[in-house]
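One structure is given here, and the rest of the page talks about it.
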Amino acid sequence: MICWATAAALTDDSELPIRYMMLIYSREFGEPVPPEEDRQIREGHRVVMEETARRGILLGAEPLAATTLATTVRNENGKVTITDGPFAETKEQLAGYYILDCKDIDEALEWASKIPTGCAGRSGCVEVRPFRNTSPPGPLEAPRRAEN
């Protein structure tokens, strides 16, 4: 796996994209979303996915199943504990994600601002994080990126 932030630092090509993950947090349970609002949310995701795919920067995007289907695995001092459900009780739950190759944090934030976060709670947020470097040092091949 290559982190393009490191790739840019190791080469003279400053045009390499940086891979960002957009983590979508929203309220999972609450009042049902009216059909028209649900349609608008789905349409918003469709628009973002189509445009990022057209530009060649979409690497993945998926909604997640309900937290009632989550399992948490913890390994502490060699003892593995498995529990049903998410790790923490919070108002907002991780609802889905996008992985995009962006030229910089500004482009990543621009795309994050277009991602709908409304679900049952009608509000939420998108956390933007670059991927951490996990590639060995050495020459890297630049990825191909579609022109805008």
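The values are calculated or read from the model by the stated rules, or taken from the named source; none is laboratory data. What you see is a predicted model; the values in this text were computed from it and never measured. Here the Cβ is made from the backbone with ideal geometry for all residues, glycine too, and neighbour counts use every protein chain on show.
Is it true that Ile57 is surrounded by 14 or more Cβ atoms within 10 Å (Cβ to Cβ), among the hydrophobic types (A, V, I, L, M, F, W, C), modelled with pLDDT under 90 and within 17 Å of the chain's Cα centre (by Cα)?
Criteria not met by Ile57.
Conditions tested, residue by residue: (1) loosely packed, with under 14 Cβ neighbours inside 10 Å; (2) among the hydroxyl-bearing types (Ser, Thr, Tyr).
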residue	(1), (2)
Tyr20	no, yes
Tyr25	no, yes
Glu28	no, no
Arg39	yes, no
Val48	no, no
Thr67	no, yes
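Of the residues that sit in the range 68-112 and are of a type in the set (Asp, Glu) and in a strand (DSSP E or B), which one is modelled with the highest pLDDT?
Ranking the candidates gives Asp101 first.
How many residues are aromatic (Phe, Trp, Tyr) and either part of a strand (DSSP E or B) or under 14 Å from Pro116 (Cα atoms) (or both) if we restrict to the range 23-58? I'd like the intermediate steps shown before the answer.
Within the range 23-58, the subset aromatic (Phe, Trp, Tyr) is 25, 29.
Remaining after also requiring either part of a strand (DSSP E or B) or under 14 Å from Pro116 (Cα atoms) (or both): 25.
Qualifying residue count, the range 23-58: 1.
When Ala65 is evaluated against the numbered criteria (1) assigned to a loop (DSSP other than H, G, I, E, B); (2) of a type in the set (Gly, Ala, Ser); (3) at pLDDT 90 or above, which criterion, by number, is the only one it fails?
(3)
Quick check on Leu16: is it under 20 Å from the mean Cα position of the chain (by Cα), of a type in the set (A, V, I, L, M, F, W, C) and either modelled with pLDDT of 90 or more or not in a loop (DSSP other than H, G, I, E, B) (or both)?
no
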